[in-house]
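The values are calculated or read from the model by the stated rules, or taken from the named source; none is laboratory data. Values in this document were obtained by computation on a predicted structure and should not be read as measured data. Here the Cβ positions follow ideal geometry from the backbone for every residue, glycine too, while neighbour counts run over all protein chains shown. With ligands, DNA and RNA removed, areas are computed over all heavy atoms of the protein, side chains included. Shrake-Rupley method; radii C 1.70, N 1.55, O 1.52, S 1.80 Å.
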Amino acid sequence: MTPTQDTGGPAGDALGTADRAGGDGADGAGRAGGHAGGHGDRRTDGPAAGSAGGPAEGTAEPAQDQAGHPAEQEAEDRAEDHAEQEAELHAGFLAEAVHWLRGLLGPADRAGTGVHRILDIGSGPGVASRALADAFPEARVVAVDRSAAMLARARALAAEHGLADRITTRRAERPEEFARSGPVDLIWTGNVCRHLGDQQAALRSMAAALRPGGLLAVAERGLPPRFLPRDIGIGRPGLQARLDAAAEEQVTARRSRLPGATSVVEDWPCMLASAGLVPAGTRTFLIEFPAPLDVPVRRHLHARLRELLADLGERLDLVDRLTVEQLLDGDACTGVLWRPDAFYLTAVTVHTARLCRPLADR
């Protein structure tokens, strides 16, 4: 799939912008999407859905008091802007992915009629929520995220698109709360599990929210975004590969510090089966913006590189740090805002599984 370059900007549909900025690939799907694609930096153990005692669906949540921490608030604001840009960039992939999900749910003439309630876990600004609402016109979508600001943005964008009556929001922190949102017919989650200590337990919580016959779609990993040639004429060739390697080291280090961190082989169909579901298919979606890039995509890459430098700077040698700084120079022809050879290429992999009978019966 090659989306057109006038999407209105890039974006991220899930939690963990920091990890997405560190080159983890989809980020749809998250927040596009989610999570698509990430998300500073939300380095906590919880992404999305209904913490105990939290506000009811559709209600606004007060923003956390950031007084005395202007730097943290500024970093959070930048991360949210970047997440929304990335999610919008992935909007074309999301439309294609939800069309595929419709096919998995049944014949084309009946696929949407049995879907009445959908969860978008790790929704970010709600780009995936809107795609799901468009694909399943009889369904109501609950956008679930840990960020009150993201949920406020999701509500605002839903209203702009005439979907305020079908998209509601719910703030949540812990995966054990997912089941309290059920029963639902379809769950979409993008780049959420990687930010939770026990990924298998998170999948079990999602599975518990499904009704029999319901479908869980998990967008995780894929291929990291590529946007530079091997030799860019400054610094040492192979910068992109070294950024990716540093990002993987960072992800591993962060996962080891998550509460309840549990090592697991990330075989997603196997993990879905271990959660009591029957794997229903895996598909990878290409997201490509070839050179020369339009301005919105360049701005997204500039923001991505800025986050990479802040996040991975200590893992890079001096030459690579200086090269990234040159790429960030908005006035230099060698910068990413002007380079004719900059492009955007990534792939998002979506794994699906169905609940064939109530988990309590197993």
*Which members of the range 246-268 meet the condition of being out of contact with any strand residue (DSSP E or B) (no Cβ under 9 Å at 6 or more places or on another chain), open to solvent by less than 50 Å² (accessible area, probe 1.4 Å) and closer than 29 Å to Leu328 by Cα?*
Ala246, Gln250, Val251, Ala253, Arg254, Arg255
*One residue from Pro279, Pro340, Pro296 being modelled with pLDDT of 95 or more, within 25 Å of Glu96 (Cα to Cα) and not acidic (Asp, Glu)*: Pro279
*Scan the range 113-137 for residues that are of a type in the set (Ser, Thr, Tyr) and either at pLDDT 95 or above or part of a helix (DSSP H, G or I) (or both) and report the count.*
1
*asked:* I'd like to check something: does the range 217-234 contain any residue that is modelled with pLDDT of 95 or more, open to solvent by less than 50 Å² (accessible area, probe 1.4 Å) and touching a Cys at 6+ places or on another chain (Cβ under 8 Å)?
replied: yes
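Regarding Thr168, is this residue outside any helix (DSSP H, G or I), hydroxyl-bearing (Ser, Thr, Tyr) and either open to solvent by 30 Å² or more (accessible area, probe 1.4 Å) or more than 28 Å from Ala261 (Cβ to Cβ) (or both)?
It is true that Thr168 is outside any helix (DSSP H, G or I), hydroxyl-bearing (Ser, Thr, Tyr) and either open to solvent by 30 Å² or more (accessible area, probe 1.4 Å) or more than 28 Å from Ala261 (Cβ to Cβ) (or both).
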_Gly214 being under 28 Å from Ser256 (Cβ atoms), of a type outside the set (D, E, K, R) and open to solvent by less than 10 Å² (accessible area, probe 1.4 Å)_ = no
*asked:* I need the full set of residues from the range 179-203 which are closer than 17 Å to Leu258 by Cβ and assigned to a helix (DSSP H, G or I), in order please.
replied: Cys193, Arg194, His195, Gln199, Gln200, Ala201, Ala202, Leu203
*Residue satisfying all of: in the range 318-338; among the polar types (S, T, N, Q) and within 17 Å of Arg242 (Cβ to Cβ); least open to solvent (accessible area, probe 1.4 Å) among these*: Thr323
*Determine if the range 150-159 includes at least one residue that is hydrophobic (A, V, I, L, M, F, W, C), open to solvent by 10 Å² or more (accessible area, probe 1.4 Å) and more than 20 Å from the chain's Cα centre (by Cα).*
yes
_Criterion: at pLDDT 95 or above and surrounded by fewer than 22 Cβ atoms within 10 Å (Cβ to Cβ) - qualifying residue of Arg140, Arg110_ = Arg140
*Failed condition for Thr349, given (1) among the β-branched types (Val, Ile, Thr); (2) touching an Asp or Glu at 6+ places or on another chain (Cβ under 8 Å); (3) more than 30 Å from Ala128 (Cβ to Cβ), with all others met?*
(3)
